[in-house]
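The values are calculated or read from the model by the stated rules, or taken from the named source; none is laboratory data. The structure displayed is predicted, hence computed values, not measured ones. Counting neighbours? That spans all protein chains shown, and the Cβs are built from the backbone with ideal geometry, glycine included. When the accessible area is computed, the model is the full protein with side chains, heavy atoms only, and any ligands, DNA or RNA have been set aside. Shrake-Rupley method; radii C 1.70, N 1.55, O 1.52, S 1.80 Å.
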Amino acid sequence: MADGLCFTFQAFSRPFLQLTSYTMASEPQKPLRVAIVGAGIGGLMLCAGLQHMDKEKKLDIQVYEAAPALAEIGAGINLWLRSWEILRAIDLEETFVKMMDEAPTDEPRLVFQLRKSDQREGVHISDIKMKGGTMRFHRAELQMALMDRVNTNGCVKLDRRLTGYNEYENHVELEFQDGSTVNCDILVAADGIRSSIRKQFCKGIAKGDFVICTDPVWSGTFAYRGLLSHDDIEKAFPGHRAKTNPVIYCGKYKHLVVYPLSNGRFTNVVAFCTDPELEGVEWTEVPPMSANQDELRAQYVGWEDEVQALINCIQKPTKWAINNLNPLERYASHRVFLAGDAAHAMTPHQGAGAGQAIEDAYILASLLTNQEATRKNIPKIAEVYNAIRCPAANKILLASRDQGKWCELDHPRLKGVCEGDVVSKEKLDGLFKDISQAWDWVWKTSAECDRKRALDMLSTPHRAEESCVFM
């Protein structure tokens, strides 16, 4: 796993403001206007967190979504115990439990079975179990449930595409495609991996001739996705383990991640294929791309029969280039904040993208609803957010890259191994140990550490240089 990162911000930030202690009583009691751009999982989670924590009703929260209707793409997302504790803290547990077979407990649960499958007779490597297991959801169902929860007051505005913003000392002016403008005190970009706000944000904080790369880069991996009914799987392969168990089928430069979702009605299948020579190449094509079953079958010739059965059930696969961002040194400056994929879009190999967006939402909501949060110290809130979230989320971004390689036998322990080669149990056990330990942080640590540190920094002068590293 990647070593811990702790970036410094001096080269990019405007001079830090020495702020005089201010109280809400010394300001007009006008609500702080928070504009969230993007109604995906991250944007709606931030809205939910702010609504729950804003006991004094000092915030005016508005969400602006470019699409005329919500249509979240992608089949499944994972959440871990660390994220579940946040959902419980902001009163969303019941909303999420409705979409699950059962609520998580403290009992150890199977997370994945690991198999080496790029051979006719697959080999069971080991089972990954952890406290609480993992919670899996259909992305569209989850998004709609959050929308129903937060939009009771009509705060989510659809068909409002942001084209740019102008930042002033006391407010931010938002410019929309329809020619309208809106003023806010705080702008939060939750508009995804191709965030238009991120480009303007990074251009604004760059100094001199230094250019910050803000475009996504390709991981070298394509993912073929399919959502399979259990009836189809049973016909193709009676008693298939993927109907009831989550499985990672590993092979050289390829792997499948398979798990049941939607209360056991479907199985989500994601088949990854990687060319390591293409990692880091710029990729501009918008997913999904066209693909066919023959193309997918050709990638897994010679793999074990239960993999072949799953591949044969994906009649119309969608094909995605797996992109991510290179780590940014800042997620916030003055009145503009980046969150979720707009800040740290990552590969899906740790199942942590949604969870990191939830942590952004939790930390930022905690800061903005704190008694210290005033218009005068919004820049300080930005520095605290940077100090807490940049090192943590960037570390997971890099760790997710490593995890994807390890699941494709691209690992120091397996140098020289080719597709279909027999690998000793000792080497496979070592691989399992590294993959399993790379997930320790999702259930052995708590985001409360970060939250408490953030609030301490906000209330204490000159504390925005610290961070809470959990791995």
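Tabulated data for the structure shown
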{"item": "Alpha-carbon Rg with Dmax, taken over the chain, Å", "result": "22.6, 73"}
{"item": "Volume in Å³ per residue [convex hull over Cα atoms, computed for the range 108-188]", "result": "237 Å³"}
{"item": "Residue-by-residue Karplus 3J(HN,Hα) for the range 148-163, coefficients 6.51, -1.76, 1.60, Hz, glycine and proline x", "result": "4, 6, 8, 9, 5, 9, x, 7, 8, 9, 8, 6, 10, 8, 7, 10"}
{"item": "Per-peptide average of other Cβ atoms within 10 Å, ordering 35-48, 320-333, 111-124 highest first", "result": "35-48, 320-333, 111-124"}
{"item": "Percent accessible area from carbon and sulfur atoms, the chain, protein chains only, probe 1.4 Å", "result": "49 percent"}
{"item": "Share of Cα-Cα pairs in the range 362-460 lying beyond 24 Å, as whole percent", "result": "45 percent"}
{"item": "Rg(Cα) / (2.2 N^0.38 Å) computed for the range 74-127, rounded to two decimals", "result": "1.57"}
{"item": "Helix-only mean residue ellipticity at 222 nm for the chain, each DSSP H run of n ≥ 4 adding -39500 (n - 2.57), per residue, nearest 500", "result": "-9500 deg cm²/dmol"}
{"item": "Over the range 310-364, volume per residue of the alpha carbon convex hull, in Å³", "result": "114 Å³"}
{"item": "The range 122-260: radius of gyration over Cα atoms, expressed as a fraction of 2.2 N^0.38 Å", "result": "1.57"}
{"item": "Calculated on alpha-carbon atoms, Rg and Dmax of the range 259-369 in Å", "result": "18.3, 56"}
{"item": "Alpha-carbon spread of the range 251-302, three principal axes, descending order, Å", "result": "38, 30, 20"}
{"item": "Of 353, 443, 368, farthest towards positive along the dipole that unit charges on Lys, Arg, Asp, Glu beta carbons give the range 343-471", "result": "368"}
{"item": "Exposure rank, largest accessible area first [369, 347, 163; 1.4 Å]", "result": "163, 369, 347"}
{"item": "Compactness of the range 184-255, expressed as Rg and Dmax over alpha-carbon positions, Å", "result": "21.6, 64"}
{"item": "Qualifying lysines (Cα of each under 30 Å from Cα of residue 316; at least 8 residues distant if same chain)", "result": "98, 116, 235, 243, 252, 254, 405"}
{"item": "Nearest-20 debye value, the range 91-210 charge dipole, Cβ charges on Lys, Arg, Asp, Glu", "result": "620 debye"}
{"item": "The range 30-131: equivalent-ellipsoid semi-axes (sqrt of 5 x gyration tensor eigenvalues, Cα, Å)", "result": "37, 19, 10"}
{"item": "Relative frequency of Cα-Cα separations exceeding 20 Å in the range 223-321, percent", "result": "36 percent"}
{"item": "Listed residues 292, 331, 310: farthest to the positive end of the dipole of the range 281-359 (Cβ charges)", "result": "331"}
{"item": "Of 138, 242, 162, farthest towards positive along the dipole that unit charges on Lys, Arg, Asp, Glu beta carbons give the range 109-265", "result": "242"}
{"item": "Accessible area in square angstrom per residue, the range 28-99, 1.4 angstrom probe", "result": "39 Å²"}
{"item": "Burial order of peptide ranges 164-174, 181-191 (average beta-carbon count within 10 Å, highest first)", "result": "181-191, 164-174"}
{"item": "Two-site FRET efficiency, residue 57 against residue 445, from Cβ-Cβ distance with R₀ of 35 Å, rounded to 0.05", "result": "0.60"}
{"item": "C-alpha long axis of helix 425-437 to longest principal axis of the chain, angle in °", "result": "20 degrees"}
{"item": "Label point distance in nm, residue 206-residue 371, each placed 7 Å from Cα along Cα→Cβ", "result": "4.4 nm"}
{"item": "Gain on full stretching of the segment that runs from residue 315 to residue 234 - 0.36 nm per residue minus C-alpha separation", "result": "27.6 nm"}
{"item": "Dipole magnitude of the chain, debye to nearest 20 (Cβ charges: Lys/Arg +1, Asp/Glu -1, about Cα centre)", "result": "460 debye"}
